[in-house]
Every structure is written in structure tokens, then in C-alpha cells.
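Below is one structure; the comments refer to it alone.
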Amino acid sequence: MDEWLKKLEAMPLKTKLMWAIVIFIALPFIFLILRVVSSHTFRLTVTLTIDGLAIGALLYFVIRFRNLYLGLGMLLAIPMQLSTSIAFADFPFFIDHSAVSRFTSLQVPSGDYLLGTDYEGRDILATIIIGGMHAYLVALITTLTAMLVGIPSGIFLSSKNRYIQSVATSVTQFFEIVPQLFFVLIIMGVYNFWAASAAGSRLVSYYSVPIAGIAIGLSSLPSIARILENRLSLLKSQRFVTALKSSNVKPSKILLYNLLWKNCVAELLIQATFLFGAALLLESALGYAFEIGFGDLGTGGYLSWGKILAEARRSILFGENIYVIIPPIIVTLSSILGVNILGDSLAKHLRS
Amino acid sequence: MTQNQTLNDKETLRVENLSILLKKTGLAVVDNVSFSIKKGETVALLGESGAGKTTLFRAVMGLLASYDWETTGSIHIAGIKTNGLLPKQMEPIRGHFMRCIFQEPALSLNPSIKVDHQLKEAVRVVNPDISPEDLNQRILEAVANAGLTPEVVVGRYPRELSGGQRQRVGIALSLVCPSPLLLADEPSNSLDSVTVTELIKTIKKLQSTGNIQTFFIITHDLSVLQALECERVLFMDEGKLYEAGNIQNVLQNPVHEKLARIVALKSIINIKNDDVPERRNLGAPLVKVSNFNFGYLQKSFFQKKRNSIVKDVNFEIQKGEFIALVGNSGCGKSTIASNITKELNGFEGEILFDSKPINAFNTRKESTEFFRSLQIIFQEPADTFDPSLTMRQNLVECFSSMGMTVGEIEEAFNELLDRLNLEETMLDKLPKKLSGGQKQRFALLRAFGSKPAMMIADEPFNNLDMIAQESLISLLKERKDDPANPMSCLLISHDIGVVSKLCDQVLVIDDGKIAEMGTIDQILYHSTHKATQRLIEAAKMLGTYSKEKEGV
């Protein structure tokens, strides 16, 4: 244990920060294991304790290395992360509790419903938790898609082979020219049209979440590809690439290990974090504005914070029953701000 | 603070009890240094690499980030205390009173702006309302002073110039405006001897016309100081400064033991190698270059033209033979070497390594064999190492890709770290934390580590101080005379003095063609081509070459 701690101390600061962020974001997946247990209270308590301890440990380490800015980001992003962990562990319970029901609509916060219920009768706490999970999933899928298509595009853009480079340029320019909003809406519209027409014949499963993620991710391809192209071109013109080639290092290894992994990964992580935040924002905005576009439940749609806000428009317009809209506003604001602060603090530390 | 305020007879530069500490480690890079320079003096700062000279210059220029460095003491320039000034306040002083030529000026050029625009920018900073004709004239003057012809510079990007030409443009950047105080940080490093002598003549001329009043130069090269006729020499060692008197004092009774060693080495290096070995004919040559022609492709829409840079080169290298490629910078020496090492391709003619054409080493096994036997020392050490890996990781990656086992790598480290005056602690540092000379020595380690049969050394003595140069020369000689595995070397240099000590055959290259080829004797005593004679003259002026065998 002691030597493990010593190894931890010996890592350079930049690596520690990168790992802290990656652990913070990837933590909820551990709680999927808890689905095998059947007791709701058990799942809930275990998730809360472990997640709480993990976040506490990360915050402690972060503050110990005097990165208060990073700590602030993590603190603000907790609602999203916590919701995701709880939802991953205990999905059936919360989805049941976020069912629509006329009987329980518009109840003030009380013992039974901790945050009250909204206009449709859903338990607001449950909707926040499920909404958090969906926001997280969409943003994560966005980031992964963008990385998956963006990294090869960036590599091909900086290639010396003119044919590869022109193909990559065409693809990147396509996504640069077509407006992001336009692209996402078209894809979501097409999907929803198909889902709605198929809704009668069978229960359409949850494809809205990954499709939304992929759409936003594809349209964000240029941001990753261009940054990578820039860095790779700069690095390739340096002497050490020639020196490595003269030492018989394989060109593919030079590209993937020396250039990409060692020199570009920090920048890519920063871009990924900002992309995560941007995806959260876009997803909430589109859910609010185009409520139908992001799916009704039953046609493969999913519950998201934007959607909750959209349904509660009366509350915003007339200023009544504010307990309905305050929770989604607070968690949305806090999550997006938190993730952006995480990205900013990473940028400050990793870009020497 | 107007530009027209002339300096009175006070000291141009006065430094009092200056200590500069690196905040991270607390190491005093400059340790309680005090000196002063009067108007009109020519002062030299001598020292080993890593002694703190560049840091001292940066502090004088006000370029040290207070985030990383802690400065105590004071610096006065023309009577004004510049120590704690904000950047805004330093600006009028920097452009008008002081200019600095940095180490490796080639790297201070912006790669996306044409060279003449950069020079114009440098003038406009100091004289914002200069007329275009005056501007043009100024930059042409500066370019001529630095030793270049205007056609080379006007309308070109930095990448289109050779290494030496870029170096001279970097120097021209600092000569565009008259400056009362000119600082120069190792300006002669990558320059060939002819250009160095011309640069020294220019500086003397500018001093006599009043363009430069005070000249403060850092160098590790005593020959430059001799040619410059420095009145005062300061010696710096591990942060501390010592007055060493004028250049004669330095040569005759050096005041510090390290200085004594440098002086002693200078004479040793210049002793001519009297025993010229016979040209050994051991059968098939190791490297054979025949009918070699090379030019860069000029891509135009209709035809692909090649502007030939190297024409019609033929030579052979036997096992255990050292061949020198000598010539002005920009004549094509590095191009030939780059083609042999497969960095550039598309040459016409034939290059055989071990009787096999170099394009035939294609499989993984064959290319391992090729690169293990052919190693290169690059010209500029600045970016020869991956900036995100420590030196140890860099070297281990290179060595293991060449097929060396862990045991062999350990052996290479053990043998060479001491020889090259490097410490084990440096292995765990990132390249950006090491000085230029240290990086170059690590590059030497990488080249020698795999015990290659053929070494291509592209201006290896450039960024090394005298002590390191001596270790390199002794390493090269040792490997050459190794009976079991004699190493051959293609040494590219502009310094005919050093070359005369090591090499069996000399090829003088001028403008892409072989001007003369022969043994040292033939070249030095019976040369016919004027390019060779220019080089010998320059070497004589710098004192790096003398005909008789000198006693120490």
C-alpha cells in the first residue's frame, strides 16, 4: 500500500490530473454491476456511499495538489455524475417513478416526493436522476464518436500522401460547412419519423440516445480533426522524427506512439472535455426547443432535462409552481459549468 | 526615454551582485556576479556549456520570466536600473539601446513570413516612421553586413534557405539598427569559417563607424576571440564570474583551472596530424557513391523540374577511413549526407552500402541491420529528441529499435556517459531542461551507442565547447583505430583545422560540385581551387590552423 502511494506521488502532475478527470468521468460505469442485486435500498445506499467516497477521495487529492479550480469543476459536475451513478445502479426503480400519472400531478415537495411532482405527475427527483443519466450518455457517446472519427481524420489530414489527404479534407470540410444544428436536427428528425411510424407495430427500444450522440459527435469532427492535424504537422517537421526514423523505429510506431500518444493526448483530452460540455449544452437546448425532435417516450425518445423544462413552460411563463423548474435549471447549469471548468483547468495545467 | 538620448560616459552595462535562482530547484544558475562594461569596449564571456552565460544575457535583456526565476541584485543599463522593470517599461530600452543575437539564430525566424518582411519588421519596431526607400536600404545593408547577397533573401521563406544562410539572416536581424550595446550569444556556432571571419570583419567595421558602440559576446571558441581582438575576457564557471584580463593574458596565464584546460586544448587540437596514413585498399568499399545528382522538385503545373543542388559526385569510403566534406554553408554537404541516410530520396545515380544499393534495405531485418551500422549526428541539437519523453526513454527507444539488447544498452550508457561528461541524473530529465551542449552530447551518445560501422557526422563540433570537442575527437579516434571493428566516418565540417586532425581524405565541395579531392597533404599544401584557398585563409585567420607542428 505504501509503495503504491509512493508510485502515485511520483507521477508527474499532468498525468495525475489527466487520470483524475478520466476516473471522475468513467466512474459511473462501475455501478452497473449492482444491477444484479435486487434490493433497491441496497443498491441506492451502496452507490451513494461508494460514489461519495470516490468523489471525496478525488477532491481530496486534487485539493492537496492545490488545484482548487479543478476541484470546483468537479464539485459543480457532481449532480450529473451522481445522477448517472445512481441511475446506472438502479435504473428500473427510477424509471418507474418517473412514470406519468394524472393522480399525482403538481404535488409540492413532501415526505413522499422529495422534490415534488411536475405537471405530468412525475416525481421530479426521479426525472432529474434519469435526465442526468441520459445527458451523460449522450455527451459520452458524442465524445467517443468524435474521437473515433476525428482522430483518423486528423491523422489523414496531416499525411503526405495527396490522395489520402484530399479525401480527409473533403470529409472534414463537409462537416465544417454543414451547420451543426442543421445536421443534428435532420438526423434526429429522420429517426423520429421512422420511430413514430413504427411505434404502432412494436415497442421501439432506446435508440434515440445513441443516435443523438452520434449525430452531435459527427458534426463535431472538425474540432478534433483540425487540432490534431495542426499538432501533427508541427511535430512531423521536427528533427526528432528524422532521428527516430534513422534509428530504425517503425514509422507507424512513430506516428501512433511518439507523436499521437505522447505528444497529442493531452490536447485531445482537453478538447474532449470541452466537447463533453458542448454536447450537454446542445442536447439540453435541443430538448427544450424541439421537444418532439428528441423523442417522446414510447417512440424511442428519452427523458432529458431540456425536455422537462419544455414541459414546464407554463411554469416559466406564468411564474407559478416554481419548485417544478428550479431543480432542472440548477442541475443543468451546474453540470455544464462544471465540465467547462474541468476543461479549462486541464488546459491551464497541460498546456505548458 | 527617447531614442535620441545619447549615452553619456557612464558605464553602458553594470551588474552588481546578481544572483539568479531557478525557483523550482533553488539552484543558483548565476551566483553573485558583478562586473561593468564601459562604452566602446569589446568584452567576451567565456565558459563551458551550462555555466550560466545565456541566463545572464537573458537577465540583462529582461527576458527571464519571474515565474520561474528569482533574481536578486541589480542590473544598470546606461545608468538606468532595469532590474525590476515591467515589460512595458523595458521596451524602449531594449530596442533602442540593446540588441541581441541569440544562440541558433536560425530558430528565431518566423517560418511563415518572408525573410525580408521580418527584417523590415525589425527596423520598424525601432523607427516606426522610416520611409520605404530608407527601409529597403537599411535591410540590404544589414543583409550585406551579415554576409549574404540580396537575391538570396528577398522574397524567400526561411525554409528555402540553408542552415547557414538562416543563421546569417538571424544575425542580420540584429544588425538592422544602430545599437549602443550589442550582445551576441555564440553567433559563430553553426557558421563556416569563411563566414565567421567575414562576420568579425563586419563587427569591427561597424564598431569603427559607430553603429555598434559596445560589443559583448559569449563564446566558447578562443579563435573567434583572437580574431576579434577582445580587450577584456570574463570567464564564467558554474555561475561565478572571473575577470581574465585581455586575450593575451588568457592565453598565457589563465586565471582558472578550467580556463587553463580550454587554452591547453586549443593548441592540442590545432596540431597537424603529421603521420598521414596510406589509403587502405581492403577490397570493396563500405560506401560507394557514383554519379550522384540531386535536386528538389519544383512543382509547377505543367512540368516537374528539379533544380539541381548537387551535381556529379563520386567518392568511396573504405572501412576505417575518415572522409571529410568541407565547404561553405549552403553548398550541398548536408544534402549528400541526407541522401545516404535515406532522409531524402529521389536522387539520380547510385549509392551502395556494403555493396548493396541502399534502396534495397527494405525488410525489417535488413533495415535494422542498415541503421545499426549507419548512424548520424545531426546538425542542430535543439529538436533531435522527442520533447515528451525523458532522455532515457528517448535513448532506449532508439537503441531497442536498432536491435540492441538491454545488456548492450546498459554497456553503452556505462561507457559513454562518463566519456562525454554527462551525469546519470540528466537521463531522467526532459530535453527542454537541458542546455544545447548537453543535448548535443546526448545526440553523440545515441550515435556512438550502437557501435556503428559508419558514422555520418553533420557539423558535430558546432554546439560543443572545447572540452566536449576534445572528448568527441578522442572517441572518434578510438573507434577508428579499433582493430576488431574499425569505424568509418563521413565528417561534414566547415572547419578545415579540425578536419586536418582526423581525416584521411578531404572532399572540398563548392556550389554542389566536388571542387577538389585528395589527402590532407594535397589539399592543404597543393590546393588549386580558389574555394579551398578561401577556406584555408579563413582557418588561418581564426588561428585554428597552422602549418608547423606546434608544441603545447
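Would you be able to say whether some residue in segment A:293-305 is modelled with pLDDT of 85 or more, farther than 30 Å from residue B:384 by Cα, within 20 Å of the chain's Cα centre (by Cα) and part of a helix (DSSP H, G or I)?
yes
Name the single residue that is nearest to the other protein chains (Cβ to nearest Cβ) among those in segment A:207-265 being within 30 Å of residue A:133 (Cβ to Cβ) and at pLDDT below 85.
The selected residue is A:209.
Taking the criterion of being surrounded by 15 or more Cβ atoms within 10 Å (Cβ to Cβ) and basic (Lys, Arg), would at least one residue in segment A:43-55 satisfy it?
Looking for residues that are surrounded by 15 or more Cβ atoms within 10 Å (Cβ to Cβ) and basic (Lys, Arg), one finds at least one in segment A:43-55, hence yes.
Determine, yes or no, whether residue B:448 is more than 18 Å from the chain's Cα centre (by Cα), within 14 Å of another protein chain (Cβ to nearest Cβ) and closer than 30 Å to residue B:52 by Cα.
Considered against the rule, which asks whether it is more than 18 Å from the chain's Cα centre (by Cα), within 14 Å of another protein chain (Cβ to nearest Cβ) and closer than 30 Å to residue B:52 by Cα, residue B:448 comes out as yes.
Read through the list (1) basic (Lys, Arg); (2) part of a loop (DSSP other than H, G, I, E, B); (3) at pLDDT below 75; (4) under 27 Å from the mean Cα position of the chain (by Cα), then give the number of the only condition that residue B:266 fails.
Failed condition: (2).
Name every residue in segment A:14-36 that is out of contact with any helix residue (DSSP H, G or I) (no Cβ under 7 Å at 6 or more places or on another chain) and farther than 22 Å from residue A:52 by Cβ, in order of residue number.
Selection gives A:15 alone.
Would you mind finding the one in B:368, B:425 that is at the interface with chain A (Cβ under 9 Å from one of its Cβ atoms), assigned to a helix (DSSP H, G or I), of a type outside the set (Asp, Glu) and surrounded by fewer than 18 Cβ atoms within 10 Å (Cβ to Cβ)?
Selected residue: B:368, the only one of B:368, B:425 that is at the interface with chain A (Cβ under 9 Å from one of its Cβ atoms), assigned to a helix (DSSP H, G or I), of a type outside the set (Asp, Glu) and surrounded by fewer than 18 Cβ atoms within 10 Å (Cβ to Cβ).
Considering each of B:12, B:71, B:82 in turn, give the residue that is within 30 Å of residue B:381 (Cα to Cα), touching a residue at least 12 places away in the same chain (Cβ under 8 Å) and touching a strand residue (DSSP E or B) at 6+ places or on another chain (Cβ under 8 Å).
When all the criteria are applied, what remains is B:71.
Quick check on my filter: what residues within segment B:111-138 are farther than 25 Å from residue B:59 by Cβ, at pLDDT below 85 and under 25 Å from the mean Cα position of the chain (by Cα)?
The answer is B:111, B:112, B:116.
If residue B:44 satisfies all but one of (1) in contact (Cβ under 8 Å) with a residue 40 or more places away in the chain; (2) farther than 25 Å from residue B:263 by Cβ, what's the number of the condition it fails?
Here residue B:44 clears every test but (2).
Filter segment B:178-212 for residues that are within 23 Å of the chain's Cα centre (by Cα) and in a loop (DSSP other than H, G, I, E, B) and give the result.
Across segment B:178-212, the qualifying residues are B:186, B:187, B:188, B:189, B:190, B:191, B:192.
When both residues are 6+ apart or on different chains and their Cβ atoms are under 6 Å apart, which pairs have a first residue that lies in segment B:134-149 and is part of a loop (DSSP other than H, G, I, E, B), and a second that is among the small types (Gly, Ala, Ser)?
Going by the 6 Å Cβ cut-off, the qualifying pairs are B:146/B:172.
Restricting attention to segment B:337-365, which residues are within 9 Å of chain A (Cβ to nearest Cβ), within 22 Å of the chain's Cα centre (by Cα) and part of a helix (DSSP H, G or I)?
Within segment B:337-365, just B:338 meets the criteria.
Pick from B:385, B:413: which is surrounded by 18 or more Cβ atoms within 10 Å (Cβ to Cβ) and either in a helix (DSSP H, G or I) or more than 9 Å from chain A (Cβ to nearest Cβ) (or both)?
When all the criteria are applied, what remains is B:413.
Residue B:323 - would you say it is under 28 Å from the mean Cα position of the chain (by Cα) and either acidic (Asp, Glu) or within 14 Å of chain A (Cβ to nearest Cβ) (or both)?
In short, no.
Search segment A:239-266 for residues that are over 20 Å from residue B:378 (Cα atoms) and pair each with any residue that is among the polar types (S, T, N, Q) when their beta-carbon atoms are under 6 Å apart and the residues are at least 6 apart or on different chains.
A:262/B:388; A:263/B:388
Working only within segment A:28-58, note down all residues that are touching a Ser or Thr at 6+ places or on another chain (Cβ under 7 Å) and among the hydrophobic types (A, V, I, L, M, F, W, C).
Within segment A:28-58, A:31, A:34 meet the criteria.
If you take the residues of segment B:399-410 that are in contact with a Ser or Thr (Cβ under 9 Å, 6 or more places away or on another chain) and more than 12 Å from every other protein chain (Cβ to nearest Cβ), which of them is nearest to residue B:435 (Cα to Cα)?
Filtering first and then ranking leaves B:409.
Out of the residues in segment B:388-398 that are surrounded by fewer than 24 Cβ atoms within 10 Å (Cβ to Cβ) and in contact (Cβ under 8 Å) with a residue 12 or more places away in the chain, state the one that is nearest to the other protein chains (Cβ to nearest Cβ).
B:388
The values are calculated or read from the model by the stated rules, or taken from the named source; none is laboratory data. Small disclaimer: the values here were computed from a predicted structure and weren't measured. Cβ atoms come from the backbone with ideal geometry, glycine included; neighbour counts cover every protein chain shown.
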